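**Student:** Structure provided below as structure tokens; questions to follow.
Just so it is clear, none of the values below were taken in a lab; they were calculated from the coordinates. Given the structure is predicted, the values throughout are model-derived calculations rather than measurements. Virtual Cβ from ideal backbone geometry, glycine too; neighbours counted across all protein chains shown.
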């Protein structure tokens, strides 16, 4: 049996799409759905009761106990030999869960699998691979802001790596998997442990992925298992609080796994803080807008379009464009929070820049 664990926090409307996409994502495999609510408001809880009519098991918590603890509660309450951990803002395409289930039983030394993840229903933008954070990777992020040459080299390396990831047609080994959608087995959890509850939000998946790999297992992305992930819907409601939680969890994670390197890391950080941060990119500012923009190019050659809320574009979502124009998808636009966004276009063969734009969504 497969146990599907979905953590909910005031997300019943999005959860509805997730829940009703599950049957078509499976074939004949028996499954159970456990919805772990983490202190949602009363009207939200009333909506959750509708899912019980569809045979979902609802577990209510009076307060927000954190994502990691809610997932662990779901695991303890489940019965399946296979376990799928899912955010409520994930929509499953036909056969996607079945593909992951088949892969986890056939791939060598497989500890967990994840899907190929689109950012919108029209499947225009693919989300990048999840990358393991280390003191070295954090240092590189700081270093690239002090040198355009270093930055351009790192950006091109990042694009090539993710192009390989996006275009992969075979299961590929990964450093980590996103906690938005992970399938594993009860056997692996019994050996490695569940999510560490010192991470109430963010880095619980990073920490778990690292522990799985240290235990001798591999993590795989399954390209035939495609899902849509609306991504960070709760964070867009309060970006400041989300960033604070992210920073707090990152410090805990680095201390847990890289405590011996922290001293040197802090010295390097201090050195970089004394350097002036450079303006790494130049963008055409199209102003404050409340409707999806469109973009024109010089030709119809194949291009890669990167979209990100950060100026460095690391990380960003990627889209393939094979025309001389691109209209921003309406469904993705409606799911973006207010704030500044950046788009840069590159020719797919040479990675030469062919257009850069920025705007403030209001």
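**Student:** Take every DSSP beta bridge whose two residues both sit in the range 1-75, then give the antiparallel share in percent to the nearest 5.
**Tutor:** Counting DSSP beta bridges with both partners in the range 1-75, the antiparallel share is about 0 percent.
**Student:** Pulled fully out, how much extra length does the chain show between residue 347 and residue 262, if you take 0.36 nm times their separation in residues and subtract their Cα-Cα distance? Working shown, then result.
**Tutor:** On the way: separation 85, 0.36 × 85 = 30.60 nm, distance 3.92 nm.
Using 0.36 nm per residue and subtracting the Cα-Cα distance, I get 26.7 nm.
**Student:** Over the chain, with a Gaussian network built from C-alpha contacts below 10 Å, which listed residue (148, 16, 260) shows the highest mean-square fluctuation?
**Tutor:** Sorting by GNM fluctuation, first place goes to 260.
**Student:** Here's another thing I want to ask about it. Exposure proxy check: 320, 345 ranked by fewest other beta carbons within 10 Å?
**Tutor:** 320, 345
**Student:** Please compute the contact order of the range 284-361 in relative form: average sequence separation of alpha-carbon pairs under 8 Å and at least six residues apart, divided by the residue count, as a percent.
**Tutor:** 39 percent
**Student:** Quick one: 119, 208, 333, 359, fewest Cβ neighbours within 10 Å first, how do they rank?
**Tutor:** The order, fewest Cβ neighbours first, is 333, 359, 119, 208.
**Student:** Order these peptides, 221-228, 285-292, 121-128, 83-90, by their mean beta-carbon neighbour count within 10 angstrom, highest first.
**Tutor:** 83-90, 221-228, 121-128, 285-292
**Student:** While we're here: Under a crude label model (7 Å from the Cα following the beta-carbon direction), how far is residue 76 from residue 255 in nanometres?
**Tutor:** Result: 2.5 nm between the two label points.
**Student:** Same structure, new question: Compute the long axis of helix 148-167 from its Cα atoms, compare it with the longest principal axis of the Cα atoms of the chain, and write down the angle in degrees, 0 to 90, nearest 10.
**Tutor:** That helix lies at roughly 40 degrees to the long axis.
**Student:** Continuing with the same structure: Provide the percentage of antiparallel DSSP beta bridges, counting only those with both residues in the range 284-361; round to the nearest 5.
**Tutor:** 85 percent
**Student:** Something else now. Taking the chain as the reference, fit the longest principal axis to its C-alpha atoms, fit the long axis of helix 204-214 to the helix C-alpha atoms, and give the angle between the two in degrees, 0 to 90, nearest 10.
**Tutor:** So the helix axis and the longest Cα principal axis differ by about 80 degrees.
**Student:** Still on this structure: Using only alpha carbon pairs under 8 Å that are at least six residues apart, calculate the relative contact order of the range 128-236 and give it in whole percent.
**Tutor:** 32 percent
**Student:** Tell me, in nm to one decimal, what length is gained between residue 150 and residue 357 on full extension, where the rule is 0.36 nm per residue of separation less the Cα-Cα distance?
**Tutor:** Between residue 150 and residue 357, full extension yields an extra 72.3 nm.
**Student:** In degrees, nearest 10, range 0 to 90: what is the angle between the Cα axis of helix 262-273 and the longest Cα principal axis of the chain?
**Tutor:** Tilt relative to the chain: about 40 degrees.
**Student:** At 0.36 nm per residue, and after removing the present C-alpha to C-alpha distance, how many nm does the segment from residue 320 to residue 132 gain when stretched out fully? Could the numbers behind the result be given before it?
**Tutor:** Numbers: separation 188, 0.36 × 188 = 67.68 nm, distance 2.53 nm.
Here the answer is 65.1 nm.
**Student:** Give me the percent relative contact order of the chain, please, defined on Cα pairs under 8 angstrom at least 6 residues apart.
**Tutor:** Relative contact order comes out at 18 percent.
**Student:** Could you check the spin-label model distance between residue 27 and residue 218? Points 7 Å from the Cα along Cα→Cβ, value in nm.
**Tutor:** 2.2 nm
**Student:** Could you check the simple spin-label distance between residue 298 and residue 247, using points 7 Å along Cα→Cβ, in nm with one decimal?
**Tutor:** Using points 7 Å along Cα→Cβ, the separation is 4.1 nm.
**Student:** So what is the calculated 222 nm ellipticity per residue for the chain, using -39500 (n - 2.57) for each DSSP H run with n of 4 or more, over all residues, to the nearest 500 deg cm²/dmol?
**Tutor:** That comes out to -11500 deg cm²/dmol.
**Student:** Okay, next question. For 49, 144, what's the fewest-to-most ordering of other Cβ within 10 Å of each Cβ? Kindly include the intermediate steps, with their values, before the conclusion.
**Tutor:** Details: 49 12, 144 21.
By the 10 Å Cβ count, ascending, the order reads 49, 144.
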